1. Taking amide H positions as placed in the peptide plane 1.01 Å from N, state which residues far from B:Arg237 in sequence (5 or more) or on other chains have amide H under 5 Å from it.
2. Given the convex hull over the Cα atoms of chain B, what projected area results after averaging over all orientations, in nm²?
3. For segment A:99-224, what are Rg and Dmax over the alpha carbons, in angstrom?
4. Could you list the GluC sites (Glu not before Pro) in segment A:263-329 that lie in coil according to DSSP, counting only those with at most 10 other Cβ atoms within 10 Å of their Cβ?
5. Among A:Pro135, A:Gly12, A:Thr125, whose Cα projects farthest towards the positive end of the dipole of segment A:1-145, with charges put on the beta-carbon of Lys, Arg (+1) and Asp, Glu (-1)?
6. Averaged across the residues of A:355-361, what count of C-beta atoms belonging to other chains lies within 10 Å of each residue's C-beta?
7. Please compute, for peptide A:382-388, the average count of beta-carbon atoms on other protein chains lying within 10 Å of each residue's beta-carbon.
8. List the residues, sorted by chain then number, that are 5 or more residues from A:Phe315 or on another chain and whose placed amide H is less than 5 Å from its amide H.
Amino acid sequence: MSPMAEETAFKGERSKKALNASIEATKFHKNYYEEAKQRAARGEAVILANVGIPMEILHAMDIPVIFNPHWSAVCAAKQVSERYLTALNRRGYFRDLGRYCSLPLGYFFDDRPEDAPWGGLPRPTAVVMDPMCDPLIKIGDIMSREVNIPYYVWDRGMIAQPPRKNIWESVDDIEAYSYEEPWRIDFAVRETEGLIAFAEAVSGKSLQKDKLREAMDRSTEQFEYIEKTMDLAATVPTPMRMGDHMANLISTQFYRGHKFGLAQAKRLYEEVKERVEQGVSAYENERIRLMYSGVPNWFSPGFYDSFEEKYGAVFAWMGYLTLVPKSLMRKDASDPVRAAAARYVHYGTELQPPWFPRILVHEAKKFRIDGVVYSKVESCRYLSGSLRLAVRALERSGIPTFEHDADMVDSRDWDDTRVKGKLASFIETLAERRR
Amino acid sequence: MEKQTTPFEEMQRYYRQRTLAASKWKEAGGTVVGCVGLSIPEELIIAAGCLPIQVTGDPSVSTTEVGDAYMEDTICPQVCSIHNLLLLGKYDFLDLVIFPHGNDSVRKCYFHVWTEKHDLGMPLPALAVFDMVHTKKYSAGLYVRERMGAFKAFLEEFTGRKISDAAIAAAIEACNENRRLLQKVAALRREDPPRISGTEALQIIGASFFMPKDEHNKLLRTYLEKADELPAREGTRLFASGTIVDNTQLYELVEARNAVIVSEDICTGDRYCDELVDTSREPLDALVDRYHTRSHEGRMVPISESVDYLLKGVRASGAQGVVFNFLRWDDTHTWNYPEQRAALERAGIPSIAFEMQEYRLAGAEQLRTRVDAFVEMIMAGEHE
């Protein structure tokens with residue numbers, strides 16, 4: 001039996017995409033990996049990193065970056081998550097540990113790149129992680145020793161005083177708040193300078209300040225396009241499908257400050273704008289508008305299309321394109337290192353209270369959502385967000401909620417019929433409510 | 001005539017009745033500061049004239065009705081319990097609650113409590129953060145030094161009193177004396193046979209978290225004066241590792257199975273007194289050295305430090321085996337575990353792991369069976 005044949009019997013469903021921009025994004029990313037492998041073969045540095053580090057630095061230095069969660073998503077989509085998670089478990093790591101970010105570690109334990117998705121990863125030159133959640137820095141530590149490469153933790157401090165008012169209403173308020181508690185920014189500046197020195201040492205390249213400023217400006221422009229796109233995406237009926245959200249989060253999660261990131265954001269904006277102007281909707285029969293909170297299901301992305309035909313239920317909102325660019329907007333890049341530090345020192349904080357409940361209520365109202373499907377992933381508590389407070393806030397605002405209990409990459413416990421049946425019942429109650 | 005309590009019984013009383021000393025302190029007009037975990041420099045709180053006490057959970061109180069309605073239960077259940085007790089008003093007597101920048105669960109709990117206080121208007125004590133980081137590199141040390149200074153300034157503002165160098169020195173000395181005395185307790189556990197059980201040790205050490213240091217030191221001195229009279233403890237020598245232990249359930253279960261827990265690398269056990277504050281250094285530098293540079297928190301990297309620390313503790317205690325106990329959703333120690341277990345194997349030391357454990361001990365019968373089998377296996381190996 002070939003190793004690939006050992007995998008789970010369940011084969012996920014592919015998602016449908018409404019936008020050409022989504023096809024472009026998917027194509028680009030596969031090519032990027034191929035190019036990274038070719039460059040690594042020529043002796044160039046390739047860094048494996050998490051998404052909560054100032055990635056503009058690496059893009060400005062033209063260092064290919066493999067992002068840990070993206071490789072996890074690719075492996076899940078290619079139905080090999082079980083193989084890599086099992087490799088982890090065989091090394092003694094408990095099954096209940098965070099799977100999304102550890103799956104790539106399982107890939108390195110498995111050590112059979114020849115039959116891995118996309119022909120496997122280039123051998124990274126170094127690992128860079130941030131302490132967004134506890135497992136990440138441990139995974140980076142283990143990975144660096146497994147592959148025998150250097151490791152940099154972009155460390156950061158903790159917010160003492162969350163904002164009293166709802167800063168989500170205004171990008172300027174978000175940016176102003178990001179510079180509060182300047183001691184944390186000062187530390188993040190030192191950590192960012194440390195990251196630059198580390199990247200220079202492992203790549204043999206040097207970073208010019210102007211290049212970093214350009215990358216920071218580029219990502220700001222990219223975020224502005226995405227923000228305008230999300231304003232358009234709130235149109236009823238929705239111009240974007242869930243598959244489009246999933247394909248395009250690639251550019252905002254992995255190509256912040258990269259030329260492709262900006263080009264893709266612009267492409268997305270123009271296509272959505274055209275669709276809205278021409279009244280083209282993403283679904284033929286939109287009746288119920290759903291919001292999806294959490295990391296999407298990467299091993300069966302077509303799951304989100306399953307409720308359209310019978311119920312006219314569509315996922316009009318998914319968090320990444322809204323939450324990440326808006327919370328990272330730092331327009332003033334005159335001191336690009338400080339701007340990068342202020343951008344990433346809060347990365348992921350919007351998943352904590354008081355931010356998360358405030359944001360979900362705001363977005364649900366803006367997108368005229370009928371019901372919220374929130375993903376509770378036991379193995380990835382951090383990315384699930386502060387669910388109970390969010391549910392309370394949503395329900396106080398008259399917006400029904402549904403708990404979707406499933407892992408984003410691990411298909412081992414997935415029962416397709418049961419999960420779809422449960423969500424269908426919720427949608428039926430929403431339909432009843434509308435009547 | 002009323003029977004006079006022994007020093008151990010007194011310490012046990014403070015461990016069990018955790019608000020006892022705080023109530024007395026408050027009655028005398030004092031300020032009580034709650035600390036979530038043991039990474040907060042209590043020396044500065046004492047120097048500020050306040051009584052620091054640990055904010056712990058309570059496995060006998062269900063979180064279902066209140067806490068779980070506001071915070072998901074997929075974080076460390078001990079922290080869920082703390083959150084629940086805060087919402088239930090059990091810690092209303094505290095003048096201030098300080099959260100360290102600890103693991104994800106502690107951080108999440110802080111943001112929840114902050115939101116419940118400020119956005120939902122719940123009557124909760126004043127809140128503060130003592131920020132730390134996750135690495136020990138040069139920049140991290142500088143940052144923690146800055147935050148140590150800021151923490152002192154914050155306490156001065158909070159109490160309205162300047163903290164003098166002499167007060168810090170006195171507080172460091174009281175805490176160091178406490179650690180020295182607890183190290184003697186640890187040495188008695190390491191004797192062959194041990195003179196103190198792990199369950200007793202947890203209470204002796206733990207009393208320090210809920211009462212003034214000088215009073216605890218006095219009790220410890222009296223207790224240690226009669227150390228020669230302490231009975232020998234029979235059983236297989238085990239070392240405990242894993243998630244925080246803020247109650248005696250697990251130790252009682254293990255020690256009822258022909259075993260004695262002779263040490264642990266847990267913050268509420270021997271780790272509490274492992275390192276003294278270096279009095280030859282500038283006081284705030286010395287606190288950074290103690291609470292950051294020489295700390296052995298499982299959440300930090302590199303993992304190799306936690307492996308070395310465990311092995312050192314196991315060897316020093318002469319333990320014959322290691323019991324790992326991980327509460328549900330412990331995302332720090334569980335990532336260290338496979339390398340710790342492998343290092344123990346290389347050293348010829350057997351181990352057993354209880355994973356995804358409930359805070360209120362569940363499945364006790366199964367645990368007993370597993371402990372029995374583990375102890376039997378060790379004994380069989382010893383007799384081969």
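What follows draws every value from the coordinates through simple rules; no lab data is involved. Bear in mind the structure is a predicted one, so any value in this text is a computation, not a measurement. We place every Cβ from the backbone using ideal geometry, glycine too, and count neighbours over all the protein chains shown.
1. Answer set, sorted by chain and number: B:Val260, B:Gln320.
2. Computing the convex hull of the Cα atoms and averaging its projections yields 20.1 nm².
3. 18.1, 53
4. A:Glu284
5. Toward the positive end, the furthest listed residue is A:Gly12.
6. 1
7. Mean partner shielding for this stretch: 4.
8. It is A:Met242, A:Leu290, by chain and number.
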